[in-house]
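**Student:** Starting off with a structure, shown below.
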Amino acid sequence: MVHKYFYCIHDFCVSIGQDYTTYGQHTLVMQKKYACLRCGKSYRHQSNLSRHKNKECGKEKKFVCQLCSYRSFQKIHLMGHMYRKHLF
Ligand SMILES: [Zn+2]
Ligand SMILES: [Zn+2]
């Protein structure tokens, strides 16, 4: 029997320390909320799924890291990668 009280669409919920099972089901529910039917990638927010469908799905990742094999759809992601992986 699955209880629904943790079925929540809010971002902050993932950071609340619930017990593992509840947390796992919670995130599972959230992950499955908006899924791309073409490739199966899922998002928590409708806007992210829309962006994925319009700009990412089936397209090439055009932002390439010069220092490793990382590739990204968005410049902001590549910049975040550079910052995290190669600046420290
Ligand atoms: Zn897709
Ligand atoms: Zn890199």
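What follows is calculated from the coordinates using simple rules that are stated; it is not laboratory data. Quantities reported herein were computed from a predicted structural model and do not represent experimental measurements. Glycine also receives a Cβ, built like all others from the backbone with ideal geometry; neighbour counts cover every protein chain displayed.
**Student:** If you go through the stretch 46-82, how many residues are within 14 Å of ligand 2 (Cβ to nearest atom), outside any loop (DSSP other than H, G, I, E, B) and polar (S, T, N, Q)?
**Tutor:** Qualifying residue count for the region: 1.
**Student:** Same structure again: Give the residues of the stretch 48-88 that are away from ligand 1 (no atom under 16 Å from the Cβ) and of a type in the set (S, T, Y), sorted by residue number.
**Tutor:** Selection gives S69, Y70, Y83.
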